[in-house]
Each structure stands twice: as C-alpha cells, then as structure tokens.
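Enquirer: Dropping the structure in here first, questions after.
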Amino acid sequence: WWLFVPSRRAAGGGALAHLAGLRRLRRAAADATVAEALHGNRLYRRLWEPLAVSILNTPAERGSARLLWRVFEETLGTGGAACRPLVARRGLAPAFVDPALRLLLDGGGELCFHHRLTGLARTVDRVTGLRFAGSMRTVDRDDRVVLALPAQAANTVLPEPVAPAAHHAILNVHFRLERPAGLPGGAPLLGLVGGTAHWLFQRGDVVSATISAADALAEWEPERIARLLWGDVALALRLPPGPPPDCRVVKERRATFAQTPRQAAARPGPRTAYSNLLLAGDWTDTGLPATIEGAVRSGNVAAAAVLEDFAGGDARSSGIRPAPVPHKG
C-alpha cells in the first residue's frame, strides 16, 4: 500500500504513474529494452532508468526489460518485506564467504587455493579430469563437477564457449572521512539521481560511491574519477566541496555480462552436453539479473540437479529450494 502514500513515492509521479510503469514492464516483449518498454513514462528519468542501470549494470537503452521485470516481480510484486535492503554491514566475506568455507570443511571438503583451472579432460559425454596449472585431477565416474567460474573464465575452460561474451564495468570509490558522517535519515545506503554516482554506502568513517555501467569512466585516471565522485558525496552528505580525502578507486571492468535481451536469452542452464558437468554463476539462466541473488539461486539449482542425479529422480525431498530474492544491495 506504500504506493498510495505520497511521501513514499518517487517525486513527480502519482500512484498511477508507478503502476503504469510496472504494467508496461510486465507486458514487455522478450526482445524489448527498458527504454523501449517505458518510453514516455513520467517517472522514467527519476525512477525506472536509475533502477534499471543499477540492477542490470547495463544502459537502459540496451538493458532487458524482461530481466528488470523479474526483479520487480519478486520484490515490489511480493510486498514490503521483500523490498527491505539486506546490507552486509561487515562486508561480504563474513556474510557469504566464511560461512560457505566452514560448511565445506565441516562436510569433509578440500579447499585448494592458488590452483588455476586451465582445462577439462573429457570423452564424448563426460568430464574425466580437471587440468590445473602443472597438475591433473581425475574425476571419478560417480563424481559431479560444478563449474562455478566467471563468464570469461568459463569460456576459456569449456570446449565450446556458452557464457555471455559482452560485459560492463562497475566503479567503486571508497572515501575515508575525517570523522563518521551518516547518510541522510541514518540509512545504510542512498540512491542518487542526476549525478554521476548511483549509490552511496556508509560504514564508519568510509563512504563508498558506486557507478554501474561505467565502461567509459573506467578508462579515466583514478584521480580524475575521485574528484568527480567526491562532488556527489560532498553534496549528498553536506560536506564542504574541495579536494577529495584519501580514497581508493576500484575498477571491475567485467563486473557483469551485458544484460541485453539477446544475451539474456542465450544464457545456459545448469546442464551441459557432458553428463557429469554442471554450470553455476550469475551469468547462467537463473531468471534474474547478474546479482548476488542470482548467483545464489544458480548454486541451488546446480545442487538440486546433482541431488536429482544421485536420487535418480526428484530432488525435492532434499529440501533444496530456489533462494529467496531480497532487494538488490
């Protein structure tokens, strides 16, 4: 019911404008871009375009309208509880990586760091070995291999490239302030419209600015990027303008695949032409954009497929379910 509370809507549009945008996304054709689906909507510049660029990491003129709708379907279409941000306040390692490593070790798994996978030994229908730099690991007949690599790395390892080949960059600039300065309203993250940065995140005395679909800016020198982004940060936090404080510029040149209608339609599922080889990753066909939620879901789907193989049928009794999808952030 938040749509009917004026203070909670995007400025410049009533409830009908919000609903009209969602309706047009829901009805968008498979090959429609966000800009095509929402052309003429009053809230395009203030709401739909910024969200599309942030969620898809692809310019709205090229981003898939259908992928964007899937996110809204599982957040706005589900209710307020599904739209509340889940923020890893201590970083992603304590939230995701450390628990995963503990689970693997507790289950008897072996972790082999600094062993780069370079190729697969295979027969006509199955993978027989994993080639690492300087070594080979045999895959037993009853084993399953889940290849969870970034798209570009997966294409170099697989016999035939199946992962999307085009990518877009994300830029993050982390500014260390003289003292902690909270975001407006005490929120852990803040969306920006009309500037260069798309999101601000605050943790202690560090404020981080994020730019999605940042291919052009990624070519700039770090000092120039920092000066530009500091203007957004200073304005949002009501800090004095001037030279930026100490900062770190991080460029992820292949942060996600370019989530165009064409590339989204070509995403592979977990199964491959090899009976014991499965794929996982945010670039596989999860029905969601290339987000953490999509990556988690791909792992659940691959795990369910492995259990189905071992069970010889239905894996639903295992308790594996698709991951719930909270608001991106």
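Enquirer: I need the P(r) histogram for the stretch 189-275: all alpha carbon pairs, bin width 5 Å from 0 out to the longest distance, whole percents.
Expert: 2, 11, 20, 20, 15, 8, 7, 6, 5, 3, 1, 1, 0
Enquirer: Hey, any idea what Rg/Rh is for the stretch 1-46, computing Rh the Kirkwood way over Cα pairs?
Expert: Using Cα coordinates only, the ratio equals 1.01.
Enquirer: Counting only protein heavy atoms and a 1.4 Å probe, tell me what percentage of the stretch 133-189's accessible area is made up of carbon and sulfur.
Expert: The computed percentage sits at 50.
Enquirer: Could you quote the convex hull projected area for the chain, Cα atoms only and averaged over all directions, in nm²?
Expert: Averaging across all directions leaves 19.4 nm² for the Cα convex hull.
Enquirer: Nearest 500 deg cm²/dmol is fine: what mean residue ellipticity at 222 nm does the chain get from its DSSP H runs of n ≥ 4 alone, each adding -39,500 (n - 2.57), divided by its residue count?
Expert: For the chain, the value works out to -8000 deg cm²/dmol.
Enquirer: Sort 47-60, 120-133, 163-176 for me by packing, meaning the mean count of neighbouring Cβ atoms within 10 Å per residue, highest on top.
Expert: Highest-to-lowest ranking by the protection proxy: 47-60, 163-176, 120-133.
Enquirer: Based on the alpha carbon coordinates of the stretch 36-145, what radius of gyration and maximum Cα-Cα distance (Dmax) apply, in Å?
Expert: Reported Rg and Dmax, both Å: 21.8, 59.
Enquirer: Here's something else I'd like to know. If contacts are Cα pairs under 8 angstrom and at least 6 residues apart, what is the relative contact order of the stretch 195-266 in percent?
Expert: It rounds to 24 percent for the stretch 195-266.
Enquirer: Also, quick follow-up: So how do 26-32, 296-302 stack up, highest first, on mean other-Cβ count within 10 Å?
Expert: Top to bottom by mean Cβ count within 10 Å: 296-302, 26-32.
Enquirer: So if I average 1/r over every pair of distinct C-alpha atoms in the stretch 18-80 and take the inverse, what Kirkwood radius in Å does that give?
Expert: With all distinct Cα pairs of the stretch 18-80 included, I get 11.3 Å.
Enquirer: If you don't mind, another one. Which of the peptides 88-96, 241-249, 102-110, 202-210 is most tightly packed, and how do the rest follow, going by the mean number of other Cβ atoms within 10 Å of each residue?
Expert: 202-210, 241-249, 88-96, 102-110
Enquirer: Considering Cα pairs under 8 angstrom that are at least six residues apart, work out the relative contact order of the stretch 133-219 and quote it in whole percent.
Expert: Result for the stretch 133-219 is 26 percent.
The values are calculated or read from the model by the stated rules, or taken from the named source; none is laboratory data. Fair warning: this is a prediction, and the values are worked out from it, not measured in the lab. Quick reminder, even Gly has a Cβ in these numbers, built from the backbone with ideal geometry, and neighbours come from all protein chains shown. These area figures cover heavy atoms from the full protein model, side chains too; ligands, DNA and RNA do not enter into them. Shrake-Rupley method; radii C 1.70, N 1.55, O 1.52, S 1.80 Å.
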